[in-house]
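Encoded as structure tokens, the structure appears first; notes follow it.
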Amino acid sequence: MGNGIDRREFLIGAAATVALMITAEQAAKAEGTDTPITGPAVKFGVIGMGPWGREILTALSKMPSAEIAAICDTYDPYVKKGVEIAPKAATFTDYTKLLASSDVEAVVIATPSHLHKDIALAAVAAGKHVYLEAPMAHTVEDAKAIAVAGKGSAKVFQVGLQGRSNLLYKHVGNFVKTGVLGTPITVIAQWDKKDSWKRMAPTPAREKELNWRLFKATSPGLVGESGVHHIDLASWFLGKQPVAVTGFGSIVGWPDGRDVPDTVQCVIEYPDNVRMVFTSTLASSFGSSSATFQGTNSSLLMREKKSWMIKEADSALLGWEVYARKETVVEETGICMVADATKILQAGKEPGKEGSIEPTKEALFCALENFTRSIRDNAKVVADAAIGYQATVVALKANEAIQTGSKITYQPDWFAL
């Protein structure tokens with residue numbers, strides 16, 4: 001570079017100078033989350049063997065810190081599918097019997113949302129560590145009962161907001177904390193997938209069980225089932241809870257007797273005139289899932305495994321971005337955000353130019369690994385009962401606004417435990 005310092009040395013120095021701003025890996029070291037988990041593998045029982053439950057089984061089967069001791073589902077064919085992933089696990093069709101097993105230390109609850117309450121309360125009462133999928137429940141009342149129990153438990157209680165464990169999201173969150181956005185303006189999020197959510201079954205009773213998402217009595221709707229993760233991301237990055245929500249919903253793609261909208265829009269208002277617009281549809285896959293945070297200095301476009309920062313022309317030069325990998329994003333130059341930047345630099349390489357720009361571990365794997373670390377090493381829970389409850393309240397009230405086509409003002413006491 002003309003001063004006796006080569007380019008890679010400069011990059012390593014720049015990484016040290018901007019500290020947390022350059023990578024989430026440094027935060028991971030400070031938290032101790034990049035070290036081996038001590039003690040024997042945690043013995044898991046997984047309740048709910050639907051598609052997501054089996055995803056969880058697959059993730060656990062790859063973790064040195066986890067052992068699948070038992071699985072449970074009321075539907076025997078699902079139990080058999082679970083056995084294909086965890087052949088050594090004990091099998092149950094009654095969750096109370098699984099909870100009574102001394103071979104199970106921790107349980108993952110991956111049943112339909114409206115069934116969470118009884119299982120979660122029983123798991124806490126049985127003295128198990130609990131990982132509960134989000135949303136916590138399909139009603140605020142049920143969610144609060146679970147959250148109070150989880151908060152008061154002597155064991156670890158974690159909610160499945162896996163975005164909190166996503167290495168990329170943690171990395172980008174460090175940038176947000178430095179004020180790189182400038183003044184936050186708006187958040188735009190979407191979750192789109194062409195999928196009726198309707199499932200066929202051999203009997204009417206089983207079909208009704210499978211299609212719980214289609215009816216208001218049992219479903220938290222699109223914003224509850226999928227939007228809760230985007231909502232938690234917004235509240236996490238903005239550092240605030242919202243003050244109001246307006247919602248709209250309609251059935252446009254699947255007029256098949258359901259009473260839950262297959263297409264929704266809502267505007268969630270945060271303090272300081274910041275608004276989040278969330279849209280979701282089951283009638284089109286275009287756009288998939290993303291969240292954009294716009295600010296006066298820069299914007300962040302985020303997907304699950306990739307993220308880009310798009311700077312305003314009049315924003316200050318940060319220095320390091322001159323050497324960062326760039327890609328064209330919506331006709332703008334996007335700076336690639338690289339979750340493993342520190343490790344890449346220490347290897348004498350350049351982030352985003354040598355090696356993958358995607359996180360090395362899936363978010364679900366990281367979330368479950370964080371759960372086992374909390375159990376064995378007494379580490380801080382990534383998404384505790386309070387965080388999970390607050391995200392669930394926001395999502396369920398947004399679903400209520402969608403169902404009624406109205407505006408709802410969030411009351412501060414709704415978030416209290």
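Scanning segment 345-358 turns up no residue that is modelled with pLDDT of 70 or more and either among the small types (G, A, S) or in contact with a helix residue (DSSP H, G or I) (Cβ under 8 Å, 6 or more places away or on another chain) (or both).
Conditions (1) more than 30 Å from K170 (Cα to Cα); (2) crowded, with 17+ Cβ neighbours inside 10 Å; (3) without any contact (Cβ under 8 Å) to a residue 24 or more places away in the chain; (4) polar (S, T, N, Q), marked per residue:
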{"residue": "A189", "(1), (2), (3), (4)": "no, yes, no, no"}
{"residue": "A201", "(1), (2), (3), (4)": "yes, no, yes, no"}
{"residue": "R206", "(1), (2), (3), (4)": "yes, no, no, no"}
{"residue": "E209", "(1), (2), (3), (4)": "yes, no, no, no"}
{"residue": "L214", "(1), (2), (3), (4)": "yes, yes, no, no"}
{"residue": "L222", "(1), (2), (3), (4)": "no, yes, no, no"}
{"residue": "G227", "(1), (2), (3), (4)": "no, yes, no, no"}
{"residue": "D232", "(1), (2), (3), (4)": "no, yes, no, no"}
{"residue": "G239", "(1), (2), (3), (4)": "no, no, yes, no"}
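Among all residues of segment 133-149, there is at least one that is among the small types (G, A, S), under 16 Å from the mean Cα position of the chain (by Cα) and within 19 Å of Q390 (Cα to Cα). The criterion of at least 2 residues that are touching a Pro at 6+ places or on another chain (Cβ under 6 Å) and either of a type outside the set (S, T, Y) or at negative phi (or both) is met by the following strands (runs of 3 or more DSSP E) wholly inside segment 137-256: 244-250.
One residue stands out among those in segment 80-134 that are among the hydroxyl-bearing types (S, T, Y) and part of a helix (DSSP H, G or I): the one that is nearest to G48 (Cα to Cα), which is Y95.
Being modelled with pLDDT under 95, touching a helix residue (DSSP H, G or I) at 6+ places or on another chain (Cβ under 6 Å) and not small (G, A, S): is that true of E31 here?
Spelling it out, it is not the case that E31 is modelled with pLDDT under 95, touching a helix residue (DSSP H, G or I) at 6+ places or on another chain (Cβ under 6 Å) and not small (G, A, S).
The values are calculated or read from the model by the stated rules, or taken from the named source; none is laboratory data. For clarity, every value in this text was computed on a predicted model and none was experimentally measured. Using ideal geometry, Cβ is built from the backbone for each residue, glycine included, and neighbour counts are taken over all protein chains shown.
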